[in-house]
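Encoded as structure tokens, the structure appears first; notes follow it.
The values are calculated or read from the model by the stated rules, or taken from the named source; none is laboratory data. Every value quoted in this text rests on a predicted model; they were computed, and no experiment measured them. Quick reminder, even Gly has a Cβ in these numbers, built from the backbone with ideal geometry, and neighbours come from all protein chains shown.
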Amino acid sequence: MDKRFGLALRTLLAALGLVGLAACGGSSGAGGGSTPQTDNVGHVFVIVMENKSYDKTFGPDTAAPYLATQLPKMGALLENYYATGHASLDNYISMVSGQGPNADTQADCAVVFDSFLSNIDSDGQIQGLSCMYPDTVPMLADQFRAAGISWKGYMQDMGNDPSRYDSALAASDTRPQGPRTCGHAAIGGVDNTQSATADDQYAMRHNPFMYFHSVIDDQPYCDEHVVNLDDAFAEDLKRIDTTPAFSFITPNLCDDGHDSSCADGEVGGLTGIDRFLQKWIPIIMASPAYQKDGLIIVTYDESSNSASNSGDMDACCGEKGTGWQLLFKPGILGPGGGRVGAVLISPFIKPGTVSTLAYNHYSLLRSVEDIFGLDYLGHAKEGNTANSVSPCEHDKQPCSFGTDIYTRQMPSFPARPAD
Amino acid sequence: MGNNDNGAGKPVDLTRRKVLAGIAATAGAAGLAACGSSGDSSDDSATQPLPEPEASGIDHIVVVMMENRSFDHYFSWVPGATTANMSKLKLLDSDGGTVSGRHLTDYQNCQLADPDHGYDGGRTHLNGGKMDGFLLTQPVGDDFPIGFYTADDLPFYKGVVENFTLCDRYFTGILGPTQPNRYYMHAGQTDKKSNDITFFSQPTVWDGLKGVGRSGRYYYGDLAGWALVSLEFAGHNPGVTNIRPYSQFLSDAASGDLADVTYIDPSMLGEGAGTSNDDHPLADIRKGQVLLNEIYDALRSSPAWEKTLLIINYDEWGGFYDHVEPPFAPVTYEEYQATGNDGRLGFRVPCMAIGPRVKRGHIAKQQIDPNSILNMIAWRFGFAPLGARGTTSMNFAHILDFKSAPNLDAPAFNVPDDASYGQSCSSQLSSAKSTMTPERYAEVQRRHAEHIEEWQGLVQAALDAGLVPPN
């Protein structure tokens, strides 16, 4: 670190009345960075990996030591973080919208059906089973758009398919980081990214934004906000004003651990996961946006989903099935997506923090909405009562990340709209 | 209403003999002659006097109706059953090409077209009794209708055939699609030939039970069944508190809280996507086996098992080949007025009886249909038969075993389950695209979408009508 900057930082922190700062900044130390420079979390980075039960990732025989032992030392390990369903897509959808699984998203929408019913029930859930969510179903990106908060989805390999390469975008001065259009199948058509090829390991079903009309119907908006990771992410991280307030990061099918022997000949699985994180976590942590007020969340979409391990279908936080799901089970063979765990790293979190409280993808959405002062959507709202003074009941509803996680400093949250 | 004036008791036997004689005379080719290689499968049981209903030892009748498979398609592997030799089957397609029966090695067949199973399609398949039109409603090059499965593909049914009773002459109520046949299961008649959303106004089994102070319950696998029974049978269904989600069946069975009559429907909404467990294409049939095994397990471990009879059947043939020409049966005046239904029963479908009062390792050769089940329910609980087949459809109780003591043996079956089942439908379709003409590909896709719209439309109508699914 530049000496002058360090000095300035210390002066600033002293002025803010914060003391006890030992492990200062940078990516070299084991700590989750310095004490935050503001009271609010301003930049959230969500990284979603694929298909590993908690025991596989965080157990003693882990094949991902960086994720399982290094990262928790820098932040917080959430031991009881659960996925909300099986297979992949329904989990991603729940993270960004609070919508529960349905029989089509449970099957990863290999055909992109567009046939939801028009009704939305009292839990904010659209009725029917389908893939494309209409404009009437609000999701996180819509909330950001309405509130003027910046966001991007960074999708590794998206646009490797040459047909998605837009030469006009490539030549555009206004969008130098992304020559590729946001990647989705035609509505009603077949998703051709259900299995990887050697030069394209993008998976539409791991990119939840592609299932919302409010995003994909506005092509320039979609192209600007859902971009190829390698085209844009490192560049965007260089300056605070180009780093989105919310970044949703999906590695390709090799680096997210989905494939164990990858289509391009690489080793995937937990090895791929560690490779990705070892590359990108230091880059994120070195970014000015992270150091100012960042929060990194690394989790999985679902557990290993092995029928022989009934725990892989466990649920938490009051998750319930509906008649739109196969046998009323969000997890197809059971009530949920299984325990996957999560690691959170932030200046607001003391390194080595462990939380045993129950969380799931709806809790994640709720926590992000806390951070940005947004209404809780769908199941994220569950159990919420206006002006509630009683503590959130983790076994009965999705709860926000609290002092169990923000162990260094509880951030302050902007006011949310009244319920 | 007493038990003896219901017309579903002894008179059934007398009439039935005539009916059977008629069938034997007109449909002899169908293989009544080939019956009976298993020792105790003679038709004598049909003439046995039944016990007094109250003393029958059957207090709980559970009916699970699956979707869209024919008998030959599923059970050609059963020794002693009347079946076609499917691997030797040859039928003409609409280009005049000869196509052979094929053991299906895929449990979903996403790249194939859901076979036509409409009222008119059924008559094309029938071809005036020649039973050779099954490929004429299918895109050329698509052999799904004459594909078949074997024991290893159907591990639950393998266990049932070895341990309980398989009926090899069970016809559906009408040679037509889902809804009219489901109406037959609930009411013994229909007032439509299509799956259009309509309201049913005739008495149902639920009305019959209510009328004699007996309990009935309907469990739905997803909201498709809920909407069908809640909306279309409004005023004639078991009532809101007795229309329950399938998950509740498992807990009700575990506590022994079984109604007198229980109907269970599988999940049907995901048919087009391949995620349902009702066996309707493009469902993964392994998921159907898992569901049925779960129901069986729930019942055999229930405190009510000793007095329970489980029947598994199918709504209709789904466009799949069967070699037996279905006979005719009476229809009500109301049904004829509304539909013009010619009374042709639907092609044979799988039907099984499971329970302590069921013959073991047995093939029941008698002709039965949904009204046979309704006639048994009416006989057991004492109400008038429904529809027009109270005397012509043999009381299902005749295939049971009332001579022996109840046999409580009910072994567990080895039915594997895996989260990968029913997941991969359309990547198969996309990878098969290059092997098809654009027209055939479009037709496959159209048929995939058809049922999604049908079921979703029904649920939408129920929600629009203000019905609220229990949460």
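Things to note:
- Residue that is farther than 29 Å from residue B:224 by Cα and within 12 Å of another protein chain (Cβ to nearest Cβ), where the choices are A:310, A:304: A:304
- Listed by first and then second residue, the pairs with beta-carbon distance under 6 Å, at least 6 apart or on different chains, first residue in segment B:433-449 and within 12 Å of another protein chain (Cβ to nearest Cβ), second not in a helix (DSSP H, G or I), are B:444/B:113; B:448/B:272; B:449/B:272.
- Tabulated pairs, segment A:360-372, first small (Gly, Ala, Ser), second outside any helix (DSSP H, G or I), C-beta under 7 angstrom, 6+ apart or interchain: A:363/A:317; A:363/A:398; A:363/A:399; A:363/A:400; A:367/A:400; A:367/A:401
- Set B:438, B:356, B:406, B:370: member being more than 22 Å from the chain's Cα centre (by Cα) and at pLDDT 95 or above: B:406
- Qualifying residue in segment A:89-111 (condition: within 13 Å of chain B (Cβ to nearest Cβ), acidic (Asp, Glu) and more than 15 Å from the chain's Cα centre (by Cα)): yes
- Scanning segment B:55-73 for residues that are under 14 Å from the mean Cα position of the chain (by Cα), assigned to a loop (DSSP other than H, G, I, E, B) and of a type outside the set (S, T, N, Q) turns up B:67, B:69.
- Here A:264, A:274 are screened, and the one residue that is away from every other protein chain (no Cβ under 14 Å), in contact (Cβ under 8 Å) with a residue 60 or more places away in the chain, in contact with a helix residue (DSSP H, G or I) (Cβ under 8 Å, 6 or more places away or on another chain) and surrounded by fewer than 24 Cβ atoms within 10 Å (Cβ to Cβ) is A:274.
- Residue count, segment A:321-344 (criterion: in contact (Cβ under 8 Å) with a residue 12 or more places away in the chain, within 13 Å of chain B (Cβ to nearest Cβ) and not hydroxyl-bearing (Ser, Thr, Tyr)): 14
- Any hit, segment B:308-315, residues being more than 17 Å from the chain's Cα centre (by Cα), touching a residue at least 40 places away in the same chain (Cβ under 8 Å) and not in a loop (DSSP other than H, G, I, E, B): yes
- Count of residues meeting criterion [of a type in the set (Gly, Ala, Ser), at positive phi and at pLDDT below 95] in segment A:357-415: 1
- Being in contact (Cβ under 8 Å) with a residue 60 or more places away in the chain and farther than 30 Å from residue B:159 by Cβ holds for only one residue in B:371, B:395, B:375, B:341, and it is B:341.
- Out of B:314, B:321, one residue alone is modelled with pLDDT of 95 or more, touching a Cys at 6+ places or on another chain (Cβ under 8 Å) and buried (at least 24 other Cβ atoms within 10 Å of the Cβ). It is B:314.
- Residue match in segment B:198-212 (condition: of a type outside the set (Phe, Trp, Tyr), more than 22 Å from residue B:61 (Cβ to Cβ) and away from chain A (no Cβ under 14 Å)): yes
This table checks each residue for (1) aliphatic (A, V, I, L, M); (2) away from chain A (no Cβ under 14 Å); (3) within 30 Å of residue B:421 (Cα to Cα); (4) without any contact (Cβ under 8 Å) to a residue 24 or more places away in the chain.
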site: B:227; (1), (2), (3), (4): yes, no, yes, no
site: B:241; (1), (2), (3), (4): no, yes, no, yes
site: B:244; (1), (2), (3), (4): no, no, yes, no
site: B:254; (1), (2), (3), (4): yes, yes, yes, no
site: B:269; (1), (2), (3), (4): yes, no, yes, no
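- Residue B:458 buried (at least 21 other Cβ atoms within 10 Å of the Cβ), farther than 30 Å from residue B:298 by Cβ and either in contact with a strand residue (DSSP E or B) (Cβ under 6 Å, 6 or more places away or on another chain) or within 14 Å of chain A (Cβ to nearest Cβ) (or both): no
- Odd one out for residue A:339, checked against (1) touching a Phe, Trp or Tyr at 6+ places or on another chain (Cβ under 8 Å); (2) crowded, with 21+ Cβ neighbours inside 10 Å; (3) over 20 Å from residue A:89 (Cα atoms): (3)
- Qualifying residue in segment B:92-105 (condition: at pLDDT 50 or above, within 28 Å of residue B:186 (Cα to Cα), crowded, with 19+ Cβ neighbours inside 10 Å and in contact with a helix residue (DSSP H, G or I) (Cβ under 8 Å, 6 or more places away or on another chain)): no
- Annotation note: of A:108, A:123, A:114, the sole residue that is surrounded by 18 or more Cβ atoms within 10 Å (Cβ to Cβ), out of contact with any strand residue (DSSP E or B) (no Cβ under 8 Å at 6 or more places or on another chain) and in a loop (DSSP other than H, G, I, E, B) is A:108.
- Qualifying residue in segment B:94-101 (condition: assigned to a loop (DSSP other than H, G, I, E, B) and aliphatic (A, V, I, L, M)): no
- Of everything in segment A:289-324 that is more than 23 Å from the chain's Cα centre (by Cα) and at pLDDT 90 or above, the residue that is surrounded by the fewest Cβ atoms within 10 Å (Cβ to Cβ) is A:322.
- Scanning segment B:461-471 for residues that are surrounded by fewer than 17 Cβ atoms within 10 Å (Cβ to Cβ), facing another protein chain (nearest Cβ under 9 Å) and aliphatic (A, V, I, L, M) yields a single hit, B:468.
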